[in-house]
Amino acid sequence: MRGKVILATLSAIVLGLAVAPSVAQAAAQVRINEVESSGGSPGDWVELVNLDATTADLSGWVLKDNDDAHVFTIPSGTSLAPGAHKAFDVESAYGLGSVDSARLYLPGGSTLVDSYSWSSHASTTYGRCPNGTGAFKTTTAPTKGAPNACPVVTAAWPGGTAVSVADGANAFGANLSGLSFESAGVVWAVKNGPGTLYRLVPNGSAWRAESAKPLRFANGKGDPDAEGVVVTPDGLFAATERDNGNDTVSALKILRFDPNSTASTLTATAEWNLTGDLPSVAANSGLEGISWIPDTFLTAHGFRDEHTNAAYNPGSYPGRGSGLYFAGLEANGTVYAYALTQSGGGFTRVATISTGFAAVMDLEFDAATGHLWAACDDTCHGRTATLDIDAQGRFAATAVYERPSGMPDYNNEGFAISPSCVAGSKQVLWADDGNDGGHALRAGTLAC
(Lines give C-alpha, C1' and ligand atoms only; values in the text may rest on other atoms or scores of the structure.)
Protein backbone atom coordinates (compact mmCIF):
# COMPACT_ATOMS: atom_id res chain seq x y z
CA MET A 1 0.00 0.00 0.00
CA ARG A 2 1.08 3.53 -0.66
CA GLY A 3 0.77 6.33 1.82
CA LYS A 4 -0.69 9.72 1.06
CA VAL A 5 1.49 12.11 -0.90
CA ILE A 6 1.74 15.46 0.86
CA LEU A 7 2.98 18.30 -1.31
CA ALA A 8 3.92 21.74 -0.07
CA THR A 9 2.89 24.15 -2.81
CA LEU A 10 4.87 27.19 -3.74
CA SER A 11 2.06 29.50 -2.73
CA ALA A 12 1.90 27.97 0.74
CA ILE A 13 5.61 28.36 1.19
CA VAL A 14 5.66 31.96 0.04
CA LEU A 15 2.47 33.17 1.75
CA GLY A 16 2.46 31.09 4.88
CA LEU A 17 6.14 30.96 5.72
CA ALA A 18 7.53 34.12 4.14
CA VAL A 19 10.43 32.39 2.42
CA ALA A 20 12.49 34.51 0.04
CA PRO A 21 11.14 34.09 -3.54
CA SER A 22 14.41 32.77 -4.95
CA VAL A 23 14.57 30.06 -2.30
CA ALA A 24 10.88 29.21 -2.69
CA GLN A 25 11.30 28.94 -6.45
CA ALA A 26 14.19 26.53 -6.05
CA ALA A 27 12.25 24.52 -3.47
CA ALA A 28 9.32 24.06 -5.84
CA GLN A 29 11.59 22.37 -8.36
CA VAL A 30 13.43 19.94 -6.06
CA ARG A 31 11.39 16.89 -5.15
CA ILE A 32 11.65 13.58 -3.37
CA ASN A 33 11.78 11.13 -6.27
CA GLU A 34 12.45 7.67 -4.82
CA VAL A 35 12.56 6.08 -1.35
CA GLU A 36 14.27 2.86 -0.22
CA SER A 37 13.06 1.80 3.24
CA SER A 38 14.18 -1.82 3.42
CA GLY A 39 17.15 -3.76 2.08
CA GLY A 40 18.92 -0.89 0.37
CA SER A 41 22.62 -0.57 -0.35
CA PRO A 42 24.26 0.26 1.99
CA GLY A 43 20.97 0.97 3.81
CA ASP A 44 17.90 3.19 3.63
CA TRP A 45 18.08 6.15 1.27
CA VAL A 46 16.03 9.01 -0.15
CA GLU A 47 16.58 10.27 -3.69
CA LEU A 48 15.97 13.83 -4.84
CA VAL A 49 15.49 15.16 -8.38
CA ASN A 50 15.95 18.70 -9.68
CA LEU A 51 13.24 19.67 -12.17
CA ASP A 52 14.55 23.20 -12.61
CA ALA A 53 16.74 24.40 -15.49
CA THR A 54 19.39 25.69 -13.08
CA THR A 55 21.59 23.95 -10.53
CA ALA A 56 20.12 23.78 -7.02
CA ASP A 57 22.31 24.37 -3.95
CA LEU A 58 21.21 21.78 -1.38
CA SER A 59 23.64 22.83 1.34
CA GLY A 60 21.97 22.47 4.73
CA TRP A 61 18.69 21.07 3.41
CA VAL A 62 17.16 18.54 5.79
CA LEU A 63 15.65 15.08 5.35
CA LYS A 64 13.48 13.68 8.16
CA ASP A 65 11.32 10.61 8.63
CA ASN A 66 8.03 10.84 10.57
CA ASP A 67 9.90 11.76 13.75
CA ASP A 68 11.04 15.38 14.00
CA ALA A 69 13.96 14.27 16.15
CA HIS A 70 15.37 12.20 13.27
CA VAL A 71 17.39 14.62 11.13
CA PHE A 72 19.73 14.08 8.20
CA THR A 73 21.38 17.32 7.10
CA ILE A 74 22.69 17.47 3.55
CA PRO A 75 26.37 18.47 3.64
CA SER A 76 27.55 21.93 2.69
CA GLY A 77 28.64 22.24 -0.91
CA THR A 78 26.11 19.70 -2.21
CA SER A 79 24.47 20.73 -5.47
CA LEU A 80 22.03 19.12 -7.88
CA ALA A 81 22.31 19.83 -11.60
CA PRO A 82 19.24 20.36 -13.81
CA GLY A 83 17.45 17.07 -14.37
CA ALA A 84 19.88 15.24 -12.08
CA HIS A 85 19.16 12.68 -9.37
CA LYS A 86 21.03 12.29 -6.09
CA ALA A 87 20.39 9.72 -3.35
CA PHE A 88 21.21 10.36 0.30
CA ASP A 89 22.00 7.49 2.69
CA VAL A 90 19.81 8.59 5.59
CA GLU A 91 20.48 5.40 7.57
CA SER A 92 23.59 7.09 8.95
CA ALA A 93 21.10 9.21 10.97
CA TYR A 94 17.99 7.02 11.24
CA GLY A 95 16.25 4.04 9.68
CA LEU A 96 13.04 4.19 7.66
CA GLY A 97 10.26 1.98 8.98
CA SER A 98 7.46 0.03 7.35
CA VAL A 99 5.01 2.76 8.37
CA ASP A 100 6.93 5.97 7.93
CA SER A 101 7.53 9.13 5.91
CA ALA A 102 10.29 10.89 4.02
CA ARG A 103 10.18 14.66 4.40
CA LEU A 104 12.34 17.29 2.72
CA TYR A 105 12.93 20.70 4.32
CA LEU A 106 14.80 23.87 3.49
CA PRO A 107 17.84 24.70 5.67
CA GLY A 108 16.78 25.03 9.29
CA GLY A 109 14.35 22.14 9.08
CA SER A 110 11.09 24.08 9.46
CA THR A 111 9.96 24.82 5.87
CA LEU A 112 8.51 21.72 4.26
CA VAL A 113 9.30 21.31 0.55
CA ASP A 114 8.03 17.81 -0.23
CA SER A 115 7.06 14.60 1.53
CA TYR A 116 5.80 11.06 1.00
CA SER A 117 4.27 8.60 3.49
CA TRP A 118 3.70 4.84 3.25
CA SER A 119 2.08 2.12 5.33
CA SER A 120 4.29 -0.86 4.39
CA HIS A 121 7.71 -1.49 2.87
CA ALA A 122 7.76 -1.61 -0.91
CA SER A 123 8.89 -4.85 -2.50
CA THR A 124 11.39 -2.68 -4.39
CA THR A 125 11.20 1.09 -3.78
CA TYR A 126 8.58 3.82 -3.94
CA GLY A 127 9.19 6.27 -6.78
CA ARG A 128 7.46 8.96 -8.79
CA CYS A 129 5.96 7.69 -12.03
CA PRO A 130 6.42 9.25 -14.50
CA ASN A 131 9.88 9.94 -13.16
CA GLY A 132 10.16 13.26 -11.33
CA THR A 133 6.60 14.42 -11.88
CA GLY A 134 4.08 11.66 -11.17
CA ALA A 135 2.53 10.13 -8.08
CA PHE A 136 4.49 7.59 -6.05
CA LYS A 137 4.18 3.97 -7.12
CA THR A 138 6.02 0.74 -6.41
CA THR A 139 8.88 0.67 -8.90
CA THR A 140 9.94 -2.38 -10.88
CA ALA A 141 13.51 -2.10 -9.54
CA PRO A 142 15.56 0.28 -7.37
CA THR A 143 17.39 2.90 -9.47
CA LYS A 144 19.44 4.76 -6.90
CA GLY A 145 20.65 8.06 -8.36
CA ALA A 146 18.98 7.47 -11.74
CA PRO A 147 15.52 7.86 -13.36
CA ASN A 148 12.88 5.60 -11.85
CA ALA A 149 12.00 2.19 -13.26
CA CYS A 150 8.26 2.66 -13.48
CA PRO A 151 5.68 -0.03 -14.17
CA VAL A 152 4.64 0.19 -17.80
CA VAL A 153 1.01 0.25 -18.84
CA THR A 154 0.99 -0.33 -22.56
CA ALA A 155 -1.51 -0.32 -25.39
CA ALA A 156 -1.45 -2.27 -28.63
CA TRP A 157 0.36 -0.68 -31.55
CA PRO A 158 -2.11 1.86 -33.06
CA GLY A 159 -1.72 0.59 -36.61
CA GLY A 160 -1.51 -2.59 -38.59
CA THR A 161 -0.11 -5.72 -36.99
CA ALA A 162 1.83 -6.74 -40.10
CA VAL A 163 5.42 -5.64 -40.77
CA SER A 164 7.26 -6.28 -44.03
CA VAL A 165 10.86 -6.19 -45.20
CA ALA A 166 11.58 -2.82 -46.85
CA ASP A 167 15.08 -3.24 -48.28
CA GLY A 168 17.09 -5.61 -50.44
CA ALA A 169 19.02 -8.50 -48.96
CA ASN A 170 22.03 -7.12 -47.04
CA ALA A 171 21.56 -3.75 -48.74
CA PHE A 172 22.87 -1.91 -45.69
CA GLY A 173 24.41 -4.54 -43.45
CA ALA A 174 24.66 -3.93 -39.71
CA ASN A 175 24.67 -0.53 -37.95
CA LEU A 176 21.81 1.21 -39.77
CA SER A 177 20.38 3.62 -37.20
CA GLY A 178 18.40 6.89 -37.49
CA LEU A 179 15.67 7.59 -40.08
CA SER A 180 13.86 10.76 -41.20
CA PHE A 181 11.24 11.32 -43.89
CA GLU A 182 11.86 14.42 -46.03
CA SER A 183 8.66 13.64 -47.96
CA ALA A 184 6.55 10.61 -48.78
CA GLY A 185 9.10 9.78 -51.49
CA VAL A 186 12.44 10.56 -49.78
CA VAL A 187 13.88 9.12 -46.56
CA TRP A 188 17.26 9.96 -45.03
CA ALA A 189 19.08 7.31 -43.03
CA VAL A 190 22.38 7.19 -41.15
CA LYS A 191 24.71 4.32 -40.38
CA ASN A 192 26.74 4.55 -37.18
CA GLY A 193 29.80 2.70 -38.39
CA PRO A 194 31.29 3.75 -40.63
CA GLY A 195 29.38 7.05 -40.40
CA THR A 196 27.31 7.21 -43.59
CA LEU A 197 24.35 9.24 -44.87
CA TYR A 198 21.90 7.53 -47.22
CA ARG A 199 19.22 9.07 -49.40
CA LEU A 200 16.48 6.48 -49.84
CA VAL A 201 13.85 6.45 -52.58
CA PRO A 202 10.99 4.03 -53.29
CA ASN A 203 11.78 0.73 -54.95
CA GLY A 204 8.40 -0.84 -55.56
CA SER A 205 6.98 -1.53 -52.13
CA ALA A 206 10.44 -1.19 -50.55
CA TRP A 207 13.24 1.40 -50.45
CA ARG A 208 16.69 1.59 -52.01
CA ALA A 209 19.72 3.82 -51.45
CA GLU A 210 20.00 6.40 -54.23
CA SER A 211 23.20 7.71 -52.66
CA ALA A 212 25.53 6.82 -49.78
CA LYS A 213 28.14 9.28 -48.57
CA PRO A 214 30.72 9.02 -45.79
CA LEU A 215 30.47 11.66 -43.04
CA ARG A 216 33.16 13.78 -41.40
CA PHE A 217 33.24 16.18 -38.48
CA ALA A 218 33.42 19.94 -39.12
CA ASN A 219 37.24 19.82 -39.25
CA GLY A 220 37.02 17.41 -42.18
CA LYS A 221 38.35 14.53 -40.09
CA GLY A 222 37.13 11.58 -38.06
CA ASP A 223 34.35 9.04 -38.49
CA PRO A 224 31.19 10.28 -36.75
CA ASP A 225 29.21 7.52 -35.08
CA ALA A 226 25.98 8.87 -36.59
CA GLU A 227 23.02 7.49 -34.64
CA GLY A 228 20.14 9.85 -35.37
CA VAL A 229 19.11 12.08 -38.27
CA VAL A 230 16.45 14.69 -38.96
CA VAL A 231 15.80 16.89 -41.97
CA THR A 232 14.57 20.41 -41.17
CA PRO A 233 14.12 23.79 -42.90
CA ASP A 234 17.53 24.70 -41.40
CA GLY A 235 19.33 21.70 -42.94
CA LEU A 236 19.98 18.04 -42.20
CA PHE A 237 21.21 17.25 -38.68
CA ALA A 238 22.80 14.11 -37.26
CA ALA A 239 23.35 13.10 -33.63
CA THR A 240 26.58 11.31 -32.75
CA GLU A 241 27.91 9.61 -29.65
CA ARG A 242 31.60 9.34 -30.51
CA ASP A 243 34.30 9.35 -33.18
CA ASN A 244 34.68 5.76 -34.34
CA GLY A 245 38.40 6.41 -34.66
CA ASN A 246 38.54 7.07 -30.91
CA ASP A 247 35.70 4.83 -29.82
CA THR A 248 36.44 4.71 -26.10
CA VAL A 249 35.75 8.43 -25.64
CA SER A 250 32.24 9.86 -25.51
CA ALA A 251 31.67 12.77 -27.94
CA LEU A 252 28.04 13.87 -27.76
CA LYS A 253 27.62 16.13 -30.78
CA ILE A 254 25.04 17.39 -33.22
CA LEU A 255 26.32 17.91 -36.76
CA ARG A 256 24.70 19.76 -39.67
CA PHE A 257 25.25 18.59 -43.24
CA ASP A 258 24.27 19.89 -46.66
CA PRO A 259 22.32 17.02 -48.22
CA ASN A 260 22.44 18.74 -51.63
CA SER A 261 26.22 18.82 -51.74
CA THR A 262 27.78 17.14 -54.78
CA ALA A 263 30.87 16.16 -52.78
CA SER A 264 31.54 12.44 -52.47
CA THR A 265 32.25 12.85 -48.73
CA LEU A 266 30.17 15.17 -46.55
CA THR A 267 31.92 17.42 -44.03
CA ALA A 268 29.72 18.97 -41.34
CA THR A 269 28.91 22.61 -42.06
CA ALA A 270 28.33 23.24 -38.35
CA GLU A 271 28.92 21.35 -35.11
CA TRP A 272 27.59 21.59 -31.57
CA ASN A 273 29.48 19.74 -28.84
CA LEU A 274 27.02 18.94 -26.05
CA THR A 275 29.34 16.62 -24.12
CA GLY A 276 29.96 19.06 -21.28
CA ASP A 277 26.27 19.89 -20.92
CA LEU A 278 24.97 16.33 -20.75
CA PRO A 279 25.47 13.61 -18.13
CA SER A 280 28.73 11.71 -18.36
CA VAL A 281 28.03 8.45 -20.21
CA ALA A 282 29.90 5.54 -21.74
CA ALA A 283 31.14 6.00 -25.29
CA ASN A 284 28.49 3.62 -26.63
CA SER A 285 25.56 5.02 -24.62
CA GLY A 286 25.33 8.57 -25.93
CA LEU A 287 23.10 10.51 -28.29
CA GLU A 288 20.90 8.19 -30.33
CA GLY A 289 17.87 10.11 -31.59
CA ILE A 290 17.23 13.63 -32.81
CA SER A 291 14.11 15.50 -33.85
CA TRP A 292 13.08 19.08 -34.59
CA ILE A 293 9.92 20.96 -33.60
CA PRO A 294 9.01 24.33 -35.14
CA ASP A 295 8.69 27.43 -32.99
CA THR A 296 5.15 27.97 -34.26
CA PHE A 297 3.98 24.70 -32.72
CA LEU A 298 5.83 25.21 -29.44
CA THR A 299 4.53 28.72 -28.83
CA ALA A 300 0.98 27.83 -29.87
CA HIS A 301 0.91 25.00 -27.32
CA GLY A 302 2.41 26.91 -24.40
CA PHE A 303 5.77 25.15 -24.24
CA ARG A 304 7.68 26.22 -21.14
CA ASP A 305 11.33 27.21 -21.33
CA GLU A 306 13.10 25.73 -18.31
CA HIS A 307 16.10 28.00 -18.91
CA THR A 308 14.08 31.20 -18.46
CA ASN A 309 11.39 29.56 -16.31
CA ALA A 310 8.77 31.22 -18.51
CA ALA A 311 6.78 30.54 -21.66
CA TYR A 312 9.11 29.78 -24.56
CA ASN A 313 9.96 32.94 -26.50
CA PRO A 314 11.95 32.27 -29.69
CA GLY A 315 13.26 35.83 -29.56
CA SER A 316 15.30 34.91 -26.49
CA TYR A 317 17.61 32.91 -28.75
CA PRO A 318 18.63 34.98 -31.78
CA GLY A 319 20.15 32.99 -34.62
CA ARG A 320 18.56 29.73 -33.46
CA GLY A 321 16.84 28.99 -36.79
CA SER A 322 13.14 28.14 -36.96
CA GLY A 323 12.70 25.68 -34.11
CA LEU A 324 14.23 23.66 -31.31
CA TYR A 325 16.21 20.41 -31.49
CA PHE A 326 15.37 17.45 -29.29
CA ALA A 327 18.17 14.95 -28.63
CA GLY A 328 17.66 11.55 -26.98
CA LEU A 329 20.32 10.05 -24.70
CA GLU A 330 20.53 6.26 -24.71
CA ALA A 331 22.06 5.96 -21.24
CA ASN A 332 19.11 7.37 -19.30
CA GLY A 333 16.16 7.51 -21.69
CA THR A 334 16.02 11.28 -21.35
CA VAL A 335 15.37 13.86 -24.07
CA TYR A 336 17.12 17.24 -24.02
CA ALA A 337 15.75 20.23 -25.97
CA TYR A 338 18.18 22.81 -27.35
CA ALA A 339 18.21 26.13 -29.11
CA LEU A 340 21.16 25.82 -31.50
CA THR A 341 22.87 28.93 -32.80
CA GLN A 342 22.87 28.14 -36.50
CA SER A 343 26.34 29.55 -37.09
CA GLY A 344 27.56 26.58 -35.04
CA GLY A 345 29.00 26.04 -31.57
CA GLY A 346 26.53 27.98 -29.44
CA PHE A 347 23.56 26.32 -27.74
CA THR A 348 21.18 26.66 -24.81
CA ARG A 349 19.34 23.80 -23.16
CA VAL A 350 15.71 24.75 -22.69
CA ALA A 351 14.13 21.52 -21.41
CA THR A 352 14.88 18.10 -19.93
CA ILE A 353 12.23 15.47 -20.67
CA SER A 354 11.73 11.99 -19.24
CA THR A 355 10.42 9.39 -21.71
CA GLY A 356 9.78 6.78 -19.03
CA PHE A 357 12.09 4.39 -20.90
CA ALA A 358 15.42 3.07 -19.71
CA ALA A 359 16.86 4.04 -23.10
CA VAL A 360 15.77 6.11 -26.08
CA MET A 361 16.93 5.21 -29.59
CA ASP A 362 15.08 7.58 -31.92
CA LEU A 363 12.73 10.55 -31.84
CA GLU A 364 10.09 11.57 -34.35
CA PHE A 365 7.84 14.64 -34.35
CA ASP A 366 4.54 14.02 -36.14
CA ALA A 367 3.29 17.46 -37.11
CA ALA A 368 -0.19 16.15 -37.95
CA THR A 369 -0.88 14.95 -34.40
CA GLY A 370 1.60 17.06 -32.43
CA HIS A 371 3.06 13.93 -30.84
CA LEU A 372 6.77 13.67 -30.14
CA TRP A 373 7.43 9.93 -30.46
CA ALA A 374 10.22 8.27 -28.49
CA ALA A 375 11.33 4.83 -29.63
CA CYS A 376 13.20 2.25 -27.57
CA ASP A 377 15.00 -0.83 -28.91
CA ASP A 378 14.93 -4.38 -27.55
CA THR A 379 15.92 -2.94 -24.16
CA CYS A 380 12.20 -2.06 -23.89
CA HIS A 381 10.96 -4.78 -26.26
CA GLY A 382 10.51 -2.31 -29.12
CA ARG A 383 8.02 -0.07 -27.37
CA THR A 384 7.31 3.51 -28.37
CA ALA A 385 5.86 6.39 -26.37
CA THR A 386 4.07 9.58 -27.34
CA LEU A 387 5.03 12.77 -25.53
CA ASP A 388 2.78 15.81 -25.54
CA ILE A 389 2.85 19.29 -23.99
CA ASP A 390 0.83 19.25 -20.78
CA ALA A 391 -0.97 22.01 -18.89
CA GLN A 392 2.32 23.09 -17.28
CA GLY A 393 3.98 23.49 -20.68
CA ARG A 394 6.19 20.43 -20.30
CA PHE A 395 6.43 17.39 -22.56
CA ALA A 396 5.11 14.33 -20.73
CA ALA A 397 4.37 10.77 -21.79
CA THR A 398 0.72 10.31 -22.78
CA ALA A 399 0.81 6.73 -24.11
CA VAL A 400 3.13 3.74 -24.41
CA TYR A 401 2.66 1.26 -27.26
CA GLU A 402 3.84 -2.26 -27.86
CA ARG A 403 5.62 -2.96 -31.14
CA PRO A 404 3.40 -4.38 -33.91
CA SER A 405 2.67 -8.02 -33.15
CA GLY A 406 4.07 -9.04 -36.52
CA MET A 407 7.56 -7.78 -35.74
CA PRO A 408 10.07 -9.74 -33.66
CA ASP A 409 11.96 -8.00 -30.85
CA TYR A 410 14.74 -6.59 -33.03
CA ASN A 411 17.38 -4.05 -32.03
CA ASN A 412 15.54 -1.24 -33.84
CA GLU A 413 17.44 2.03 -33.52
CA GLY A 414 15.60 3.99 -36.20
CA PHE A 415 11.93 5.05 -36.31
CA ALA A 416 10.20 7.38 -38.79
CA ILE A 417 6.62 8.21 -39.78
CA SER A 418 5.66 9.25 -43.29
CA PRO A 419 3.98 12.67 -43.58
CA SER A 420 1.50 11.21 -46.09
CA CYS A 421 -1.82 9.70 -44.98
CA VAL A 422 -3.27 7.30 -47.56
CA ALA A 423 -6.51 5.38 -47.00
CA GLY A 424 -6.37 6.03 -43.27
CA SER A 425 -2.76 4.92 -42.75
CA LYS A 426 0.76 6.30 -42.75
CA GLN A 427 3.83 4.23 -43.49
CA VAL A 428 6.19 3.68 -40.56
CA LEU A 429 9.81 2.59 -40.99
CA TRP A 430 12.10 0.88 -38.49
CA ALA A 431 15.88 0.51 -38.85
CA ASP A 432 17.36 -2.66 -37.34
CA ASP A 433 20.95 -2.10 -36.19
CA GLY A 434 21.52 -5.86 -36.15
CA ASN A 435 20.46 -6.47 -39.79
CA ASP A 436 18.51 -9.52 -38.62
CA GLY A 437 17.77 -11.99 -41.39
CA GLY A 438 19.87 -9.92 -43.78
CA HIS A 439 17.50 -6.94 -43.64
CA ALA A 440 17.89 -3.62 -41.83
CA LEU A 441 14.72 -1.81 -42.93
CA ARG A 442 11.14 -2.83 -42.17
CA ALA A 443 7.81 -1.14 -42.83
CA GLY A 444 4.45 -1.07 -41.10
CA THR A 445 1.48 1.27 -40.77
CA LEU A 446 0.09 3.79 -38.30
CA ALA A 447 -3.53 4.90 -38.27
CA CYS A 448 -4.09 8.52 -39.28
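Details
So that you can scan it fast, the table gives a plain yes or no per residue for (1) assigned to a loop (DSSP other than H, G, I, E, B); (2) out of contact with any Lys or Arg (no Cβ under 9 Å at 6 or more places or on another chain); (3) of a type in the set (Val, Ile, Thr); (4) modelled with pLDDT of 95 or more:
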site	(1), (2), (3), (4)
Thr161	yes, yes, yes, yes
Asp167	yes, no, no, yes
Asn170	yes, yes, no, yes
Gly173	yes, no, no, yes
Ser180	no, yes, no, yes
Trp188	no, no, no, yes
Lys191	no, yes, no, yes
Thr196	no, no, yes, yes
Val201	no, no, yes, yes
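- Residues located in region 80-130, provided they are over 20 Å from Gly356 (Cβ atoms), among the β-branched types (Val, Ile, Thr) and assigned to a loop (DSSP other than H, G, I, E, B): Val99, Thr111
- Flag for Thr240 being out of contact with any Ser or Thr (no Cβ under 9 Å at 6 or more places or on another chain) and not in a loop (DSSP other than H, G, I, E, B): yes
- Of note, Thr386 satisfies the criterion of being in the same structural domain as Phe257 (by TED's automatic domain parsing) and surrounded by fewer than 23 Cβ atoms within 10 Å (Cβ to Cβ).
So that you can scan it fast, the table gives a plain yes or no per residue for (1) crowded, with 22+ Cβ neighbours inside 10 Å; (2) in a strand (DSSP E or B); (3) without any contact (Cβ under 8 Å) to a residue 12 or more places away in the chain:
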{"position": "Leu324", "(1), (2), (3)": "yes, yes, no"}
{"position": "Asn332", "(1), (2), (3)": "yes, no, no"}
{"position": "Gln342", "(1), (2), (3)": "no, no, no"}
{"position": "Ala351", "(1), (2), (3)": "yes, yes, no"}
{"position": "Val360", "(1), (2), (3)": "yes, no, no"}
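- Qualifying position, being over 30 Å from Trp430 (Cβ atoms), surrounded by fewer than 22 Cβ atoms within 10 Å (Cβ to Cβ) and without any contact (Cβ under 8 Å) to a residue 40 or more places away in the chain, among Thr78, Thr111, Thr140: Thr78
- Residue match in region 387-410 (condition: assigned to a strand (DSSP E or B), closer than 21 Å to Tyr198 by Cα, in contact with a strand residue (DSSP E or B) (Cβ under 9 Å, 6 or more places away or on another chain) and touching a residue at least 60 places away in the same chain (Cβ under 8 Å)): no
The values are calculated or read from the model by the stated rules, or taken from the named source; none is laboratory data. Keep in mind that what you see is a predicted model, and the values were worked out from it rather than measured. Neighbour counts run over all protein chains shown; Cβ positions are idealised from the backbone, glycine included.
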